[in-house]
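Enquirer: Below are the structure tokens for one structure; questions will follow.
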Amino acid sequence: MTLIHPAVAPELVEPLKALLDVTASNPPLSGKTLGFYRKRNKFNVAPADAYPVIQSYDIEQSADAPGVRVWVINASAASTRPALLHFHGGGFVMGSCQNGFSRMQQVALSLDCVVLSVDYGLAPEMRIGEVVKQSYAALAWAHQHSETLGIDTARIGLLGFSAGGGHAALLAQYATYRNEYAVKCQALIYPMLDDRTGTTILPDPPKGMYLWTAEQNQYGWQAALGHTPGKSSIKPFTVPARQSLSANLPATYIAVGDLDLFYDENLHYAHALQAQGGAVTLNKVPGAFHAFESIAPESELAKAFNRELIDALRRML
């Protein structure tokens, strides 16, 4: 019988037990087992609905950035709506836009917005310093094609989950640095921000006990950076929590459970943004582990979590 830490919220215990039982025999995440996890990830896809329509566009490689595919949801030249660039999770090494299609369709309908899901390159095949250039190319493309997509360029925000939250945070930093294309806001959902977590910084249990551990985090960052994480020096625009922050960064919403491996780094990032004078809303969920709302979507905790995200995006956009 699987024992669950008493700090886990009661309504999350049974879904977590079921998941742990099913995945108990899975091998540790590593370069040798990455193919296994990527293949498994492909089968965990909720079917997309017929509406709103999803269309794919390929942004060609340029001298500045690798090419990237963008999946556009709810676009219409007949109206002008706010837009969100969405970045999926997967520890930098797995996951896909398809994993989030159904959820992003619901976001598009709830906010009456356009969603552009960025099919960014996975590590180790593509390092994080190249992914931020892909992300920026997608942001530029959204601005440049705003009329045909029906996008209000003054209301383009970023939405990222887990590793996607790291990519969204990096894009916000990079776009602010470049100062060419505006970003209205960023919603970072249990974002992966600091390569030192799990290496030189070890959160106390029960943080990081479930769904994403320190060992997995080490591998994800190793693959993304191409070197041992937690080194004293890093390249610019590779680790959001270690990048110098600008006072001009957009309004930010951060949501994370207090049992998440990323809890401490998320709080530190929120406080660092606030210290720069940034507008930050922080949603701390007691008894919640990483990606809990995906494991227990029918729980009241998950429903409230999703409502608060939509409300925050509506306010910021």
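The values are calculated or read from the model by the stated rules, or taken from the named source; none is laboratory data. All figures in this text were calculated on a predicted structure; none of them were measured in a lab. Glycine also receives a Cβ, built like all others from the backbone with ideal geometry; neighbour counts cover every protein chain displayed. Keep in mind that these areas ignore ligands, DNA and RNA; they rest on the heavy atoms of the full protein, side chains included. Shrake-Rupley method; radii C 1.70, N 1.55, O 1.52, S 1.80 Å.
Enquirer: Where the second residue is open to solvent by 10 Å² or more (accessible area, probe 1.4 Å) and assigned to a strand (DSSP E or B) and the first is more than 23 Å from GLY95 (Cβ to Cβ) and lies in region 156-184, which pairs have Cβ atoms under 7 Å and are six or more apart or on separate chains?
Expert: Correct list of pairs: ALA182/THR153; ALA182/ALA154; LYS184/ALA154; LYS184/ARG155.
Enquirer: While we're on this one: From SER96, SER135, which residue is among the polar types (S, T, N, Q) and touching an Asp or Glu at 6+ places or on another chain (Cβ under 8 Å)? Outline the logic, then answer.
Expert: Details: SER135 fails: touching an Asp or Glu at 6+ places or on another chain (Cβ under 8 Å).
The conditions single out SER96.
Enquirer: Looking only at residues in region 90-133 that are without any contact (Cβ under 8 Å) to a residue 60 or more places away in the chain, more than 15 Å from the chain's Cα centre (by Cα) and open to solvent by 20 Å² or more (accessible area, probe 1.4 Å), which one is nearest to PRO47 (Cα to Cα)?
Expert: Across region 90-133, the extreme among qualifying residues is SER102.
Enquirer: Being polar (S, T, N, Q) and open to solvent by less than 10 Å² (accessible area, probe 1.4 Å) is the filter here, so list the residues in region 174-196 that pass it.
Expert: Across region 174-196, the qualifying residue is only GLN186.
Enquirer: Before we move on, is LYS303 basic (Lys, Arg), more than 17 Å from the chain's Cα centre (by Cα) and part of a loop (DSSP other than H, G, I, E, B)?
Expert: no
Enquirer: Name the residue, out of PRO82, PRO15, that is surrounded by 14 or more Cβ atoms within 10 Å (Cβ to Cβ) and in contact with an Asp or Glu (Cβ under 7 Å, 6 or more places away or on another chain).
Expert: PRO82
Enquirer: Residues to consider are VAL280, VAL256; find the one that is touching a Phe, Trp or Tyr at 6+ places or on another chain (Cβ under 6 Å) and either β-branched (Val, Ile, Thr) or closer than 28 Å to PRO205 by Cα (or both). Quick ask: steps written out before the conclusion?
Expert: Working: VAL280 fails: touching a Phe, Trp or Tyr at 6+ places or on another chain (Cβ under 6 Å).
Going through VAL280, VAL256 in turn, just one is touching a Phe, Trp or Tyr at 6+ places or on another chain (Cβ under 6 Å) and either β-branched (Val, Ile, Thr) or closer than 28 Å to PRO205 by Cα (or both): VAL256.
Enquirer: Here's another thing I want to ask about it. For region 278-293, does any single residue satisfy the condition of being assigned to a helix (DSSP H, G or I), of a type in the set (A, V, I, L, M, F, W, C) and either open to solvent by 50 Å² or more (accessible area, probe 1.4 Å) or under 25 Å from ILE128 (Cβ atoms) (or both)? Reasoning before the result, please.
Expert: Of the residues in region 278-293, the ones assigned to a helix (DSSP H, G or I) are 292-293.
Cutting the leftovers down to of a type in the set (A, V, I, L, M, F, W, C) gives us 292.
In the following step, the residues that additionally are either open to solvent by 50 Å² or more (accessible area, probe 1.4 Å) or under 25 Å from ILE128 (Cβ atoms) (or both) were identified as none.
Checked region 278-293: no residue is assigned to a helix (DSSP H, G or I), of a type in the set (A, V, I, L, M, F, W, C) and either open to solvent by 50 Å² or more (accessible area, probe 1.4 Å) or under 25 Å from ILE128 (Cβ atoms) (or both).
Enquirer: Separate question: Keeping to region 70-88, report how many residues are in a strand (DSSP E or B) and either hydrophobic (A, V, I, L, M, F, W, C) or touching a helix residue (DSSP H, G or I) at 6+ places or on another chain (Cβ under 8 Å) (or both).
Expert: 10
Enquirer: Follow-up question, since we're still on this one. Determine if region 134-147 includes at least one residue that is open to solvent by 40 Å² or more (accessible area, probe 1.4 Å), closer than 21 Å to LEU317 by Cβ and not charged (D, E, K, R).
Expert: Yes, region 134-147 contains at least one residue that is open to solvent by 40 Å² or more (accessible area, probe 1.4 Å), closer than 21 Å to LEU317 by Cβ and not charged (D, E, K, R).
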